[in-house]
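Structure record follows, encoded as structure tokens.
The values are calculated or read from the model by the stated rules, or taken from the named source; none is laboratory data. These numbers were taken from a predicted model, which means no experiment stands behind them. Cβ sites come from the backbone with ideal geometry, for glycine too, and all protein chains shown count toward neighbours.
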Amino acid sequence: MPSPADPGAPGVLVVAGDLVEDVVVWLAEPTRHATDTAARIVRSRGGSAANVAAFAAGAGAAARFVGCVGADAAGDGLARGLASAGVDVRLQRAGTTGTVVLLVDPDGERTMYPDRGAAAELHRPVDPSWLDGAGWLHVPAYGLEREPARSAVVGLADAAREAGAGVSLDASSTGLIDTLGLERFRALAARLAPDIAFANADEAALLGIGSASTGDHGTAPLAPLTVVKRGPDPAEVLRPGRPALHVPAAPVADVRDATGAGDAFAAGFLVAAMSGADPRAACVAGHALAASVLGSPGASVASA
């Protein structure tokens, strides 16, 4: 498995991308169009990158978040909350803090309505000290959606690699891939040149990777080690020239909200890998951390 230059000192897990407010709407019944639908509404910290950093810090790793929020009360509150979770928070400030509305059906599946706002305004130059001590840089693909954040994230990846840190990419969203287009998304992934990539089952199928891929989009994986997350089914680890590795997930009795589960998996996997775990053990760690968020609203660990 690719690893930082010094496996004996894993360093800081730096995560670059979104920090936004999530408005999580738990539907208690099917949507009644043009009238009231019973629901529970919770506001929480969101953003794939911020979630990964928070989950990694909660797992005991040194974690740093790099991103942009608005110069507003919402940005102040999100920054304080992320810092209180043990994350070293490094921010640019511009525009208005982003918001994502998530409709969560009674089976736990989500439909998201993102307004990234300032999260897309991360710009170059990014303070080079924000990569000090980095052992790994993780980038959700949301950060590649548009400029100026795209160039800032690519620049961070170049600097991290020059410093001897590993780089990982999460495919993030089928909607994002469709918006960019398959060829452009793959070109951006190739430019980022990640050591490890993550995709869920739908993203992998759209990209034509993994055992369940369909279509004629090609089968080249996104990285030398690509992990396909399949919810309750075994995760699939793909490495060129080697058989796929399938790692089962432990059953979860009550799945109420899948928000943040993929981010938790990535955090658990990367923290374990940075500490020297092999891909199977890293997947087990990812599954365990992902399971801990499935019973609570938004990207948070369920209380005991």
Give the residue that is farthest from Val24 (Cα to Cα), with candidates limited to residues of region 244-269 that are modelled with pLDDT under 90 and of a type outside the set (A, V, I, L, M, F, W, C).
Pro251
How many of the residues making up region 32-64 are on the phi < 0 side of the Ramachandran plot and in a loop (DSSP other than H, G, I, E, B)?
9
How many residues does region 274-291 contain that are more than 20 Å from Glu236 (Cβ to Cβ) and either buried (at least 21 other Cβ atoms within 10 Å of the Cβ) or touching a strand residue (DSSP E or B) at 6+ places or on another chain (Cβ under 8 Å) (or both)?
1
May I ask you to list pairs of residues, at least six apart or on different chains, whose Cβ atoms are under 9 Å apart, with the first in region 129-155 being of a type in the set (Asp, Glu) and the second being assigned to a helix (DSSP H, G or I)?
Glu145/Ala120; Glu145/Leu176; Glu145/Thr179; Glu145/Leu180; Glu147/Ala120
Taking the stated definitions as given, is Gly67 modelled with pLDDT of 95 or more and part of a strand (DSSP E or B)?
yes
Could you tell me whether any residue of region 209-221 is under 16 Å from the mean Cα position of the chain (by Cα) and at pLDDT below 95?
no
Inter-residue pairs, beta-carbon under 7 Å, first surrounded by 24 or more Cβ atoms within 10 Å (Cβ to Cβ) and in region 36-54, second β-branched (Val, Ile, Thr) and at pLDDT below 95, 6+ apart
Gly46/Val100
Among Arg45, Arg124, Arg64, which is the only one that is among the basic types (Lys, Arg), closer than 30 Å to Gly164 by Cα and touching a helix residue (DSSP H, G or I) at 6+ places or on another chain (Cβ under 6 Å)?
Arg124
Does region 156-179 contain any residue that is in contact with a Ser or Thr (Cβ under 7 Å, 6 or more places away or on another chain) and of a type in the set (Val, Ile, Thr)?
no
Which of the strands (runs of 3 or more DSSP E) contained wholly in region 86-128 include at least 2 residues that are exposed (fewer than 15 other Cβ atoms within 10 Å of the Cβ) and touching a strand residue (DSSP E or B) at 6+ places or on another chain (Cβ under 7 Å)?
110-117
Working carefully through the options Asp233, Asp278, find the one that is under 27 Å from Ala28 (Cα atoms), over 16 Å from the mean Cα position of the chain (by Cα), modelled with pLDDT of 90 or more and not aliphatic (A, V, I, L, M).
Asp233
In the set Ile177, Ile196, which member is farther than 20 Å from Ala267 by Cα, of a type outside the set (Asp, Glu) and buried (at least 18 other Cβ atoms within 10 Å of the Cβ)?
Ile177
Inter-residue pairs, beta-carbon under 6 Å, first within 19 Å of Arg124 (Cβ to Cβ) and modelled with pLDDT of 95 or more and in region 77-100, second among the aliphatic types (A, V, I, L, M) and in a strand (DSSP E or B), 6+ apart
Arg90/Val66; Leu91/Val69
Is at least one residue of region 20-31 of a type in the set (D, E, K, R), surrounded by fewer than 20 Cβ atoms within 10 Å (Cβ to Cβ), modelled with pLDDT under 95 and part of a loop (DSSP other than H, G, I, E, B)?
yes
